[in-house]
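S.K.: Have a look at this one before I ask anything.
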Amino acid sequence: MHPSFRARVTVAACLAAARTAVLTWVENDRTREVPDLIEQAFDALFRPDNSHGARNPAQSRAHALVTTTLRKFPPAAGKT
């Protein structure tokens with residue numbers, strides 16, 4: 001498989017996961033935190049069998065990047 005194809009598929013999957021998280025946020029009257037929903041979406045993407053087992057190294061790096069990035073966003077006003 002060509003590396004650029006793999007990268008494009010990976011980016012498309014990540015964008016779909018993020019879009020699904022945002023749509024879920026809207027459908028739930030914006031009552032849940034978007035970063036939490038995005039983290040759940042990426043967990044579903046990286047752990048499709050819903051297990052809590054070990055990730056492969058690429059999944060671990062990607063998940064760490066997403067989690068670190070999401071934690072930089074402050075909570076919504078009035079929430080801790």
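S.K.: Please list, ordered by first then second residue, the pairs with beta carbon atoms under 8 Å, 6 or more apart or interchain, first in segment 20-35 and within 21 Å of T68 (Cβ to Cβ), second surrounded by 10 or more Cβ atoms within 10 Å (Cβ to Cβ) and charged (D, E, K, R).
M.R.: Short answer, once both residue conditions are applied: W25/R32; P35/R71.
S.K.: Of all residues in segment 1-52, how many are loosely packed, with under 11 Cβ neighbours inside 10 Å and small (G, A, S)?
M.R.: Residues flagged as loosely packed, with under 11 Cβ neighbours inside 10 Å and small (G, A, S) within segment 1-52 amount to 4.
Values quoted throughout were computed directly from the atomic coordinates according to the rules given, and no laboratory measurement underlies them. Keep in mind it's a predicted model, so treat the numbers as computed, not measured. Cβ sites come from the backbone with ideal geometry, for glycine too, and all protein chains shown count toward neighbours.
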